[in-house]
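Written below as structure tokens is the structure these notes are about.
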Amino acid sequence: MDDPNTKKTALYNDHAALGGKIIPFAGYWMPVQYPTGIMAEHRRVRSTVGIFDVSHMGEFEFHGPEAEKFLNYLTINDVTKLTVGQVQYSAMCYPDGGMVDDLLVYRFADHYLMVVNAANLPKDRDWVLQHLPKQGVEFKDVSDDITLLAIQGPRSLEMLKPIITPDLEPLQYYHFFQGKVAGMDAIISRTGYTGELGYEIYLQRRHSKNLWDQLFAVGKRYDLEPIGLGARDTLRLEMKYCLYGNDIDATTNPLEADLGWITKLNKGDFIGRDAIMKSKAAGLTRKLVGFEVLDRSVPRHGYPIIKDGKAVGVTTSGNHSVMLGKGIGMGYVPTQSSAIGTELELDLRGSHHPIKIVATPFYNPPKN
């Protein structure tokens, strides 16, 4: 693991010491799983609390009097609706409506923070710089300065509350504040990628080891465990949360990806708006759906979806659902075949297996 072009998070040595299986991912050496295995890690997050090192994610800061206007043009959601301390799920699109990336926008009193997917970081940065106005907006890529930890699970509030100030309990979903964690300055937000109650902690890289150790100290009574990329993927799939590169990419527009709820066509001009409006007016030809497998098969990315013996779509994400004990997947199918209850087939290397389109999320965590 000596590739000079592959980065290490500040906690790389800790992951290795915990027996993490380290793989190259999005330009970083990242733990895909730990000795307990993906299924046990998945259950840990669903039952008590787990911790993810997601420091490979990208963070961009935007300052200046034109920052709001610029971000509203660059992204598909309505940035003007954000209040200080609020987070917004959004995306950037190409002029043809295809998706550059999905992302989060944080509004501070004097600037904005955009959080982008690790695998898209260089591309996203180039896209931003390509459209950045000559004046009025100051852009800064702070990705390498920040450690980002996600603490997810039904007992995450109980675990974190004693070491975070101000009081964590009033923090609403998709909001954040600047405070202290175990005495260290941090940004604390509540978004999540698992469907469980959970929080994100952004802090300066130099404090990473101290925070990691403090979290495991307070988390011991909650059976806190480190969680790798493998369980992160199975957890988000049970919620039907999109993964860029699988479920959304430059060939998909947000409406067919079931992201119309973040696509504000009435807010004014933004990159991709005209193309998205045209596709809406013409009628969507395909739609991203969730399906379950009706036998014991496990769907995977790229498996064709079959109707009447012909391929009509493709699986974008698929796996065995730990909580449901069955194969589940997502994929694009023709709009006329997208209704809940529609039965189709999956082509697994030449053999056909029955599937049914179902309501999502596939799994509904108990209310916290």
Residue in the stretch 272-291 that is within 15 Å of Pro354 (Cα to Cα) and out of contact with any helix residue (DSSP H, G or I) (no Cβ under 8 Å at 6 or more places or on another chain) present: yes
So Val87, is it among the aliphatic types (A, V, I, L, M) and either within 17 Å of Asp144 (Cβ to Cβ) or touching a helix residue (DSSP H, G or I) at 6+ places or on another chain (Cβ under 6 Å) (or both): no
Single condition Thr252 does not satisfy, out of (1) surrounded by 20 or more Cβ atoms within 10 Å (Cβ to Cβ); (2) under 30 Å from His111 (Cβ atoms); (3) outside the structural domain of Asp124 (by TED's automatic domain parsing): (2)
3 or more residues more than 21 Å from Leu113 (Cα to Cα): qualifying strands (runs of 3 or more DSSP E) within the stretch 23-66: 28-33
Single unsatisfied condition, Val293 versus (1) surrounded by fewer than 18 Cβ atoms within 10 Å (Cβ to Cβ); (2) β-branched (Val, Ile, Thr); (3) farther than 18 Å from Leu74 by Cα: (1)
Selection count where residues are part of a strand (DSSP E or B) and either within 27 Å of Lys81 (Cβ to Cβ) or not aliphatic (A, V, I, L, M) (or both), scope the stretch 101-156: 22
Test result for Gly290, closer than 21 Å to Leu243 by Cα and touching a residue at least 24 places away in the same chain (Cβ under 8 Å): yes
From the options Asn120, Asn72, residue that is within 23 Å of Asp144 (Cα to Cα), out of contact with any His (no Cβ under 9 Å at 6 or more places or on another chain) and outside the structural domain of Trp261 (by TED's automatic domain parsing): Asn120
Given (1) touching a strand residue (DSSP E or B) at 6+ places or on another chain (Cβ under 6 Å); (2) more than 15 Å from Arg46 (Cα to Cα), index of the condition Phe216 fails: (1)
Qualifying residues in the stretch 5-22 (those that are assigned to a loop (DSSP other than H, G, I, E, B) and free of Cβ contacts under 8 Å to residues at least 60 places away in the same chain) - the one surrounded by the fewest Cβ atoms within 10 Å (Cβ to Cβ): Asn5
Residue count for the stretch 121-132, restricted to those that are in contact with a helix residue (DSSP H, G or I) (Cβ under 9 Å, 6 or more places away or on another chain) and either farther than 19 Å from Val79 by Cβ or surrounded by 16 or more Cβ atoms within 10 Å (Cβ to Cβ) (or both): 5
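To keep it simple, each residue is scored yes or no on (1) surrounded by fewer than 17 Cβ atoms within 10 Å (Cβ to Cβ); (2) modelled with pLDDT of 95 or more.
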| residue | (1), (2) |
| --- | --- |
| Ile328 | no, yes |
| Gln336 | yes, yes |
| Glu343 | yes, yes |
| Pro354 | yes, yes |
| Ile357 | no, yes |
| Pro361 | yes, yes |
| Pro366 | yes, no |
Members of the stretch 3-43 found to be under 21 Å from the mean Cα position of the chain (by Cα), among the charged types (D, E, K, R) and under 14 Å from Ala231 (Cβ atoms), listed by number: Glu41, Arg43
Only one of Thr147, Thr165 that is under 17 Å from Tyr28 (Cα atoms) and β-branched (Val, Ile, Thr): Thr147
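The values are calculated or read from the model by the stated rules, or taken from the named source; none is laboratory data. Because the structure is predicted, anything quoted here is derived from the model rather than measured. Here the Cβ is made from the backbone with ideal geometry for all residues, glycine too, and neighbour counts use every protein chain on show.
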